Structure formats: structure tokens, C-alpha cells
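Reviewing the structure listed below.
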Amino acid sequence: MTESSEYIVQPGGALTGTVRVPGDKSMSHRSIIMGSLAVGETRVSGFLEGEDSLRTLQAFRDMGVAIEHQPGAMVRIQGVGLHGLKAPAKALDLGNSGTGMRLLAGVMAGQEFTSSIVGDESLHARPMGRVIKPLQQMGADISGNPEDKPPLVITGKGSAQQLKAINYTTPVASAQIKSCLLFAGLYADGVTEIIEPGITRDHTERMLRGFGVNIDSDNNTVSLKGGQQLQATDIEVPADISSAAFFLVGASIAQGSDILLQHVGINPTRTGIIDILRLMGADITLQQERLVGGEPVADIRVKYAGLKGIDVPRELVPLAIDEFPALFIAACCATGATTVSGAEELRVKETDRIAAMVSGLKQMGAQIEETPDGAVIQGDQQLAGATVESFGDHRIAMSFAMASMVTSHEVRILDCANVNTSFPNFVQTAASAGLGIRVSDEVAL
Ligand code: S3P
């Protein structure tokens, strides 16, 4: 069934049973990029069949990389080496994906040919200056629109192309900027060093090592020498903790819940959601912890627990950056207030996620006050049923779906088609675990 644009969710219920959520989005993008730039065949299992990662896959096909992909089966990439990409016949279209666009910008900056990168309306509203500026410092001819937003145009300089290695301190803690510059650094003439104001996800570093690249990292500094050739490898993508997050929150707030989430990536740069929920009193246990292809993985058991409000520690914000929409729901169900600060990056995600959550939660009768870099959310709230906007943002839609477990009446969520960017089959998966969710008949495809 194709997921449609409107969800109707019945109040109440509990999450139980065993669920495996889809593959990690960040790792899926990176597996295609690195597999394409490597020498030899890379095989990827657990690849996310979501629209975002499929856009990245298509972009590399558009540049002449042979990629075999049957839904549900292993992805096989015939890598062309660092210098084997071909000029695409048309603009590379990354759809809704900020990760796809920013990571690809780093790769395209190193190519001898000219390319342009476009996306959907939401992506065209997102800031790209954060990658344009450092890539220009490396000598790339790259520009966006006058406001440094997409489309991006990268003008190749023919065979004389060579980027300069730089030493760059990023203005915001962003794995996308870091990864973009690491990819560009592969095409630079020395050691590229990136220093971040906070720790961000390190999947690029771990995966590059898996492809045989020497890369140094120490706390918030990472560096690599240009010209290193990637050697093909096999990659097993674990389930995405950012997709598991909806179930972590749903089970924590819905009485009677007890659910096992299988094979979830628990890379310490991604587990901020677990740390924050535990600080709030959640009952989360990690089982069968193991290392799979250089990434830590576990089965996660979560049971209902009475949560309490907290001041979310700022250092955990980048480690849970995609999970705040779901955390806002948890905060409404906690005892006492929860304060989120230092999270201004939420305003430049697929939508302004602070504004979107505040607006929907107010519709549900919540007491929530928006601040420039977060929100103050009052706990002990009985949320009402309501019709809420997701603003076309997958994580907003799935967060409100989980909220319905504690609402008094039905919740209707508008504009949910983009859930397919990160969580294909969300409706079926959530329904099988006990959420009373269905796609509205009026708009079902
Ligand atoms: C991502 C990094 C994060 C995150 C995004 C995926 C990545 O963005 O929000 O969903 O795969 O590198 P920033 O690094 O810009 O915070």
C-alpha cells in the first residue's frame, strides 16, 4: 500500500510485541556514496528503501554508477573509484533530503565536470551557505541562489581540478557539514581538518575506515589526507534509532506497553534520545549489544514508565537532534516542566520543527511556550484530539501519531506522504505494534 497524505489515529492503546524498524538513513546515504567512489563491488544489506536514500542512489546512477537494487534484497554497487563518475545529463534531484544534498555537494566539488543539485520545495528553503562557504575556501566553484539556498551549481574546471585542503571550524555542530568536507577532502591536496563546536554523528568516519581510508579523529576534531582510494567492502545497515525513537516515546507514555525493537544502531553519537528519556525516568534496556561492521547495535526493550520533566542537557542536543519532535510529546506526559534549549538547528530542518510542534501541541490543548532555541513544555497534560498539520515533515507526522496514545479523542494528521522519506510502511509497522492508525479513506491512493 502506498502511504497517503492523511493519518487518522484512535486514542489509547499500548505498544507491544517485537518490531524491526527500517534501516538507518544516515548510513544508507553514506553506503551509496562510498560504495560508488570505491574500487570494486560493495554490497549493502539493511539499506533503507526510503525516498531520501533512494534519491542518493539514483543520483549516482545518473553519474554512471551501476547499482543493482531490488526492494528487500542486498544493494550491489559497482564502484567507479574517486575519479570515475560521469557528468550527469540533468540536474541531480535529491528530493526532500538535506543530507543527500549537503553530502553530495562535497563529492561534486571534487569533480572535473559541472553539475547542479536540486530538490523539493522544503529542501529549497534550507540553508546551504554552511557547505558553500567552506567548499569555496577549498577552491570549489560552487554557488546557490542569492540567499545561499538551492539549487546548487558546481562548475568543474576540467582536468586541472584539484581542491585545497583546509583547516575549518564549523559554525554549528553538524555531521552534514563535517561529512561534506571529508568527502571534498578526499579530492584535496593535503590534510583537511574539521573542528566542530560539539560532537556529531560519526558514521562517515567509521564507514570511511571500513573502506580502508586512514582518518584521524579525536573528540571534536577529524582529519584526513586527500587522494586515498576507497576499497569496496560489505556493509550491514542496522535499524535506524531515529525511527525507533517514535516507539521509544510511544511505549514510554502508553500504559501497558512493553516492546522489543530489534537490531537498532546504538552508535554513541546517536543515543541522545535514550539518555534523555532515561533522565526522564524511562524504562529502557539494551540487550544483546554487539558490533556489526564497525557500528554498535542492540535490541532495545522499552516498557511504560511514569516520566518526569527535566532540563534537557545542552550537550545531548546534537546527539538527539532528529528526536526532539517525539521528545516534545514525551514531555507533555511527564510530571513537571521540561525545558529544551540550544536546539535552534531544529528551525532549519525539513520544516521549523519547534514552530511545527508548538502549533500542533497547542491545537491539542498543551501548555507549551516557544523560545528562540527550544521550548518550555508543561507536563501532566491531558492532550485532546485534534486535526494537526505535519507541514510535510515526516518526523512531525510520526510524533503526533504516537501522541494519540495519550489523547482523549481521535487525532487527524495532515500531509503525511513524506513519512516515506525515512520510514516506509510506518502505518503497518505501528499498527502491528498496537497503534490505532490508518490512512484516511478520502485520500488513500
Ligand atoms: C544527518 C545529520 C543531521 C540530521 C540529519 C541526518 C546526517 O543533520 O539532522 O537528519 O546523516 O549526517 P545536521 O548534521 O545538519 O545536524
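Structural remarks
- Accessible surface, per residue, of the chain when the full set of protein chains is kept, probe 1.4 Å, Å²: 35 Å²
- Directionally averaged projected area (segment 152-224, Cα convex hull): 5.4 nm².
- If the segment from Ser432 to Asp380 were pulled out straight at 0.36 nm per residue, it would be longer than the present Cα-Cα gap by 15.9 nm.
- Taking every DSSP beta bridge that has both ends in segment 25-236, the antiparallel portion is near 70%.
- Cα shape, segment 25-236, gyration tensor, a/c 1.5 rule: rounded
- Distance between the 7 Å Cα→Cβ label points at Asp148 and Thr18: 4.9 nm.
- Pairwise label distance in nanometres, Ala160 with Ile195, each label 7 Å out on the Cα-Cβ vector: 3.3 nm
- Efficiency of FRET between Asn219 and Gln287 - r from beta-carbon atoms, R0 45 angstrom, step 0.05: 0.95
- Cross-link pairs exceeding 26 Å in C-alpha to C-alpha distance, out of Lys90/Lys133; Lys133/Lys225; Lys90/Lys157; Lys178/Lys308, comprise Lys178/Lys308.
- Taking amide H as placed 1.01 Å from N in the peptide plane, Ser97 has its amide H under 5 Å from the amide H of Asp120, each at least 5 places away in sequence or on another chain.
- Anisotropy class of the chain from Cα gyration tensor, a/c 1.5 cut: prolate
- Rolling a 1.4 Å probe over the protein heavy atoms of the chain, with every protein chain left in place, gives an accessible area that is 47 percent carbon and sulfur.
- Span-like helix criteria (full DSSP H runs; alpha carbon extent of at least 18 Å along the helix axis; mean Kyte-Doolittle hydropathy of at least -0.5) are satisfied in the chain by 25-37.
- Multiplying the residue separation of Arg301 and Glu41 by 0.36 nm and removing their Cα-Cα distance gives an extension gain of 90.0 nm.
- Partners of Lys86 within straight-line reach, counting aspartates and glutamates whose Cα lies under 13 Å from its Cα and excluding those fewer than 8 residues away in the same chain: Asp62, Glu112.
- Counting DSSP beta bridges with both ends in the chain, the antiparallel % (nearest 5): 70 percent
- Here segment 110-146 is scanned for amide nitrogen atoms under 16 Å from the site 7 Å beyond the Cα of Ala87 along Cα-to-Cβ, giving 110-117, 141.
- Between the alpha-carbon centres of segment 136-186 and segment 199-219 there is a gap of 19 Å.
- In this rough spin-label picture, where each label sits 7 Å from Cα along the Cβ direction, the Glu112-Gln229 distance is 1.7 nm.
The values are calculated or read from the model by the stated rules, or taken from the named source; none is laboratory data. Owing to the predicted nature of the structure, the values given are computational and were not obtained by experimental measurement. Every residue, glycine among them, receives a Cβ derived from its backbone with ideal geometry; neighbour counts consider all protein chains shown. Protein only, heavy atoms only, side chains kept; ligands, DNA and RNA dropped before computing areas. Shrake-Rupley method; radii C 1.70, N 1.55, O 1.52, S 1.80 Å.
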